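Colleague: One structure, pasted below without further comment.
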Amino acid sequence: MKPRPCGCKGCRTCLICETLYGAENLKLSLQLDKEKGYVYCPFCNKAWPGWDIDIYKQHPDHVGEAINYAGILIVPEFITELEESKLIQGIDEMPWDISQSGRRKQNFGPKTNFKKKKIVSGTFEGFPEFTKYLQDRFQTIDLLKDYQVIEQCSLEYDPSKGASIDPHIDDCWIWGERVVTVNCLSDSVLTLTIYKGDTKKYNLYCADEYYPIVTNEGRIDLDFHNKDKTMLEASKPSKEIDAIIRIPLIRRSLTVMYGEARYHWEHCILREDITSRRVCLAYREFTPPYLGNGIHQAIGNEIIQRAKQFWNHKVKYKKEYDEKVINFY
């Protein structure tokens, strides 16, 4: 099915295409048993029974029996209110592209084809200069030491459009094990459900072709020579739990997903959990085959070098605007 004017295509829908373009019958219906809900607390790093995300605010006076859940790091107040304000100002000074399920996006990174597993640098030439301090600050987080950003994507979730994102696992052929998000403007929730499907989906089988650099305890270990389990094996849950995990995406916080949460659980953002405008910056790194002595290090090095560039967005987009005006006349 061709993309609709709102940006949705296939089974993806938003409030606009559901009401104006007859896509109501395509709307994804998730049957989630809220009785199985557990809310992750960033202060004790445990998940507690319940669905309402405010449960984490009860810390340390939680109620019920907690479960351990591996693969999540939340850093509250990663940026200040002033930094958030300036960040959003810069983002809104750049053009947005429409995306699926009621979202808008700004994407800076190499051109990828996940089905054919091909990547080219294309027109990628780095990132907006006003976002550089975020990447610099990553290095103050132990879990993000040596984290080399090769993609930065701004995503806008607007409740008036019914914005959401369907359950998925970020591609495992090209994007590495640490998935980073900086959350702005409002709180939201990441909802995770265990994945038991085909490993061909999401290129999940590729995670059996490289080794982890993060331990289940959240420590960095770059000694590949002593690895006895692949990424997929090492991150496998030690105990299967019948639960739905709710991760608080706290305003101005940093969230890192890795290991078990990254490779064995699908994550989504439900429409009901977008109550006001939310903008997040999502970051990706390469998988090991594109790093160091990996078999694809040549193209990996080229893209990493481009990713070290930062440019003035006002100059860049003024030039593009001027060129459009000249071409028009």
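Colleague: For LYS200, LYS34, give the ranking by accessible area with the largest first, probe 1.4 Å.
Modeller: Descending accessible area places them as LYS200, LYS34.
Colleague: Using the heavy atoms of the protein chains and a 1.4 angstrom probe, tell me the accessible area per residue for the chain in square angstrom.
Modeller: Accessible area per residue, the chain: 51 Å².
Colleague: Normalised radius of gyration for the stretch 186-302, please: alpha carbon Rg relative to 2.2 N^0.38 Å, two decimal places.
Modeller: Normalised Rg, Cα atoms only: 1.21.
Colleague: Share of the chain's accessible area from carbon and sulfur, percent, 1.4 Å?
Modeller: 50
Colleague: Taking each pair of different alpha-carbon atoms in the stretch 110-227 once, compute 1/r for the pair, average those values, and report the inverse of that mean as the Kirkwood hydrodynamic radius in Å to one decimal.
Modeller: The Cα-based Kirkwood calculation yields 17.2 Å.
Colleague: Treating the beta-carbon of each Lys and Arg as +1 and of each Asp and Glu as -1, no other charges, what is the dipole magnitude of the stretch 184-300 about its Cα centre, to the nearest 20 debye?
Modeller: Dipole size: approximately 480 debye.
Colleague: Let me ask another. Might you work out the accessible area of GLU266 for me, using a 1.4 Å probe with all protein chains in place, and round it to the nearest 10 Å²?
Modeller: Counting only protein heavy atoms, the figure is 30 Å².
Colleague: Against the globular-protein guess of 2.2 N^0.38 Å, express the Cα radius of gyration of the stretch 51-162 as a ratio, rounded to two decimals.
Modeller: 1.37
Colleague: I'm a student and want to see the number: the projected area of the Cα convex hull of the stretch 198-262, averaged over all directions, in nm².
Modeller: 5.9
Colleague: Would you work out which of TYR157, TYR69, PHE138 lies farthest towards the positive end of the dipole of the chain? Charges go on Cβ: Lys and Arg +1, Asp and Glu -1.
Modeller: TYR157
Colleague: Between GLN139 and CYS11, what length comes free when the chain is fully extended (0.36 nm per residue of separation minus the Cα-Cα distance, one decimal in nm)?
Modeller: Result for the pair: 42.2 nm of gain on full extension.
Colleague: Here's something else I'd like to know. For the chain, report the translational diffusion coefficient in µm²/s to the nearest whole number, using Stokes-Einstein at 20 °C, 1.002 mPa s, and a Kirkwood Rh over Cα pairs.
Modeller: Estimated via Stokes-Einstein, D reaches 102 µm²/s.
Colleague: Which value, in Å² and to the nearest 10, is the accessible area of TRP48 when all protein chains are kept and the probe is 1.4 Å?
Modeller: 40
Colleague: Something else: Taking the Cα centre of the chain as origin, sum charge times position over the Cβ atoms of Lys and Arg (+1) and Asp and Glu (-1), and report the length of that vector in debye to the nearest 20.
Modeller: Charge dipole, the chain, about its Cα centre: 1100 debye, nearest 20.
Colleague: While we're looking at this one, here's another question. Determine the percent antiparallel among the DSSP beta bridges restricted to the chain, to the nearest 5.
Modeller: 90
Colleague: Right, something else. To the nearest 10 Å², what's LYS239's accessible area with a 1.4 Å probe?
Modeller: 150
The values are calculated or read from the model by the stated rules, or taken from the named source; none is laboratory data. Computed from a prediction, not measured in an experiment: that's the story for all the values here. A quick note on method: Cβ atoms are made from the backbone with ideal geometry, for glycine too, and the neighbour counts reach across all protein chains shown. We work out accessible area using only protein heavy atoms, side chains counted, and drop any ligands, DNA or RNA first. Shrake-Rupley method; radii C 1.70, N 1.55, O 1.52, S 1.80 Å.
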